[in-house]
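The values are calculated or read from the model by the stated rules, or taken from the named source; none is laboratory data. Keep in mind that what you see is a predicted model, and the values were worked out from it rather than measured. Cβ placement follows ideal geometry from the backbone for every residue including glycine, while neighbour counts extend to all protein chains displayed. Surface areas here come from the heavy atoms of the whole protein model, side chains and all, with no ligands, DNA or RNA. Shrake-Rupley method; radii C 1.70, N 1.55, O 1.52, S 1.80 Å.
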Amino acid sequence: MKQQTNYQVPIPGGFFALITFPGVMMHELSHYYMCKLFGVRVHELKLFHLNEEHFSFSNSAPVGWVRHEPPKEFYKTFFISIAPIILNTLLAIILYSIALPFFNHATLFLVSYLFIYLGFCCGVNAFPSNGDGEVLWYESNDELRNHNYWVLFVYPIILIIYIAHFLSMVWLDWIYGGALFFLVASIFGVSI
């Protein structure tokens with residue numbers, strides 16, 4: 001009998017979720033606000049939920065979720081699914097922009113570090129989840145069967161979501177959060 005190989009993150013995801021919980025909450029709120037913007041009824045919003053299984057190596061359970069009605073139009077599904085990359089990225093840039101002018105200020109450095117931490121948490125949790133990619137995959141396939149060929153432009157985005165999720169095992173999401181910081185720092189001319 002062939003043994004199945006499991007790909008595992010070296011540290012259980014519950015630790016990372018705990019460290020970056022403000023970003024996890026904003027990730028879920030981005031889905032929620034996009035649902036509200038499009039008039040999609042939300043049944044349940046769980047901003048942050050950890051239990052003992054989140055601290056195991058084999059866990060893949062989400063630490064937050066938004067359960068909503070299926071949108072009638074595909075574009076709503078698309079924007080609800082990718083909302084975190086838009087809103088969390090924007091929020092990370094805004095928080096970094098607030099923090100960096102005070103980065104070297106003697107009396108405000110703690111406030112600056114707080115905003116940098118919050119911006120980093122948002123940036124790290126900006127990638128749509130694997131579940132978001134799965135929703136887009138199934139809904140895109142349904143749209144294609146209904147002869148909506150515009151959906152062909154969504155498949156590369158789905159591929160990027162899956163690749164980003166896979167590469168999060170080698171810290172791509174953390175690199176993204178840090179890269180946003182250095183991008184904003186270079187705009188403000190702050191030397192780190």
Quiz item: When the range 41-83 is examined, which residues are found to be out of contact with any Asp or Glu (no Cβ under 6 Å at 6 or more places or on another chain), assigned to a loop (DSSP other than H, G, I, E, B) and either crowded, with 20+ Cβ neighbours inside 10 Å or modelled with pLDDT of 75 or more (or both)?
Solution: V63, E69, P70, P71, K72, E73
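Considering only residues that are outside any loop (DSSP other than H, G, I, E, B) and open to solvent by less than 40 Å² (accessible area, probe 1.4 Å), which ones fall in the range 116-142? Break it down into steps so the answer makes sense when it comes.
Narrowing the range 116-142 to residues outside any loop (DSSP other than H, G, I, E, B): 116-124, 130-142.
I116, G119, C121, C122, G123, V124, G131, D132, G133, L136, S140, N141 - these are the residues of the range 116-142 that are outside any loop (DSSP other than H, G, I, E, B) and open to solvent by less than 40 Å² (accessible area, probe 1.4 Å).
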Exercise. Can you tell me which residue within the range 89-109, out of those that are among the β-branched types (V, I, T) and modelled with pLDDT of 95 or more, is most open to solvent (accessible area, probe 1.4 Å)?
Key: I94
Practice problem: Collect the residues in the range 144-169 that are in a helix (DSSP H, G or I), touching a residue at least 12 places away in the same chain (Cβ under 8 Å) and more than 20 Å from A83 (Cα to Cα), keeping them in residue-number order. | Solution: M169
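If I filter the range 147-158 for residues that are farther than 15 Å from F78 by Cα and open to solvent by 60 Å² or more (accessible area, probe 1.4 Å), do I get at least one hit?
Going through the range 147-158, the residues farther than 15 Å from F78 by Cα turn out to be 147.
Applying the additional criterion that residues be open to solvent by 60 Å² or more (accessible area, probe 1.4 Å) yields 147.
Yes.
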